[in-house]
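Working notes for the structure below.
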């Protein structure tokens, strides 16, 4: 599947952009409705509860560390603290990063579930009791025997992750962003050891000929393998 030019990917980009535009007038009410549904909060130093598989690892972002002993009333007062809101069933509904100045808005992700396998992510700037601006919208969904996570912003810049599976675990991920232009899509292979993810290996090779290790699980990775 050529994720740079595939007709299905292009059609889904159009649908997502239409959904983004249609949501602009109702997004503030949607965010405040979601916040009222939060049953419990958890906290971390960075992104931690990310439903799409290995998003942080693939994007080269750090994983957060759990923060405890945070009171809900203080969660937006600690600049840089990430809050994750869950409903009574334990499903994530929202994540927010505490800003330096709340008056400038709170970067917020809200999750809207299509079904047990698909969900939308609205990435917004939320100013409590005032207004909300949509930055981008993403969609995670099954496609044939794969999963796709793709998103588009208000400028029509888009990105896509395509997950391939073998025996119900991720075997390979293809990734591309429209801002890359003529650059090829990236491809990553997932290496396992004793049923644990050992490393995410890029298709590129280093100057010495060794495979490029994009990410490794330090607990199980053996550099001599």
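The values are calculated or read from the model by the stated rules, or taken from the named source; none is laboratory data. Remember, predicted model here, so these are calculated numbers, not experimental data. Here Cβ is always computed from backbone atoms with ideal geometry, including for glycine, and neighbour counts include all displayed protein chains.
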- [ ] State yes or no: is residue 134 more than 20 Å from residue 7 (Cβ to Cβ), surrounded by 17 or more Cβ atoms within 10 Å (Cβ to Cβ) and touching a helix residue (DSSP H, G or I) at 6+ places or on another chain (Cβ under 7 Å)?
- [x] yes
- [ ] Look through region 21-59, keep the residues that are under 20 Å from residue 141 (Cα atoms), out of contact with any strand residue (DSSP E or B) (no Cβ under 6 Å at 6 or more places or on another chain) and surrounded by fewer than 17 Cβ atoms within 10 Å (Cβ to Cβ), and return whichever of them is modelled with the highest pLDDT.
- [x] 55
- [ ] Could you identify the single residue in 101, 56 that is farther than 23 Å from residue 150 by Cβ and free of Cβ contacts under 8 Å to residues at least 24 places away in the same chain?
- [x] 101
Open item on the list: So, in region 109-154, exactly how many residues are under 18 Å from the mean Cα position of the chain (by Cα) and outside any strand (DSSP E or B)?
Closed with: 6
Task: Answer residue from region 76-87, given it is surrounded by fewer than 19 Cβ atoms within 10 Å (Cβ to Cβ) and touching a strand residue (DSSP E or B) at 6+ places or on another chain (Cβ under 8 Å) and is farthest from residue 150 (Cα to Cα) among those - done: 76
- [ ] Report yes if some residue within region 155-169 is touching a strand residue (DSSP E or B) at 6+ places or on another chain (Cβ under 7 Å), outside any strand (DSSP E or B) and over 20 Å from residue 35 (Cα atoms); otherwise report no.
- [x] no
